[in-house]
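The numbers here are math on the coordinates, done by the rules we state, and not lab data. The structure displayed is predicted, hence computed values, not measured ones. Reconstructed Cβ throughout: ideal geometry from the backbone, glycine too, with neighbour counts over all protein chains shown.
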Amino acid sequence: MTARIANRNRTIAAIHVLAAQLGMDTTDKSPVSEYRATLFLIGRAYSCTGLDYTALERVRAHLAQLARARGIEAPQHSALSTQHSNEWAWVDQAAEDRRPMLRKIIMLLKSAGRGKGYADGIAEAMFRIERLELCGTRELHAIVTALVKDARRHAMKEPA
């Protein structure tokens, strides 16, 4: 399963958890049910399967906001958070041949608990390129290699 599909599935799962916490019936197929009406208002579809990832993320954020307003603690969402979505939004507009490497860099940075600034620093140190966005495919491959080596180095340091 690709990371994109996994993120989509996690977002849909988070939407269903939030809807259940809010007392919305996700099994009611009627377009006037609170759940279906919310999906349509935010994403213009009556089902999560009819929504793209951006619309799913908007629905999830809306339901989380509703939950907080009602005093319900919303579950942490493990897919791209709103902050990371904004930080990495430019990746979807990058050249198609660069997107897979950029997405791999995002996942490696997230698993290490680091942000885009760390990748910008690597680009600067290795190639004297001030931002990751300006790197070509050759540089991106080298940055992925550096991040993988860094992940392995940190994995060896952690006690088993």
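For the chain, relative contact order (Cα pairs under 8 Å, six or more residues apart, normalised by length) works out to 16 percent. Legend: helices of the chain (whole DSSP H runs) are marked when their alpha-carbon atoms reach 18 angstrom or more along the helix axis and their mean Kyte-Doolittle hydropathy is at least 0.0; marked are 3-21, 99-112.
Taking the number of Cβ atoms within 10 Å of each Cβ as an exposure proxy, the fewest-first ranking of GLU57, GLU34 is GLU34, GLU57.
Mean residue ellipticity, 222 nm, helices only, the chain: the sum of -39500 (n - 2.57) across DSSP H runs of n ≥ 4, divided by residue count and rounded to 500, is -20000 deg cm²/dmol. If you take all other residues with their beta carbon under 15 Å from the beta carbon of GLY121, and give Lys and Arg +1 and Asp and Glu -1, the sum is -3. Residues THR11, THR49, THR137, THR27, arranged from fewest to most other Cβ atoms within 10 angstrom of their Cβ, appear as THR27, THR49, THR137, THR11. Length gained on full extension, GLN93 to ASP28, computed as 0.36 nm times the residue gap minus the Cα-Cα distance: 19.7 nm.
Computed from point charges on the beta carbon alone (+1 for Lys and Arg, -1 for Asp and Glu), the dipole magnitude for the chain about its Cα centre is near 320 Debye. Neighbour counts of C-beta atoms inside 10 Å place ILE129, ILE122 in the sequence ILE129, ILE122, starting with the fewest.
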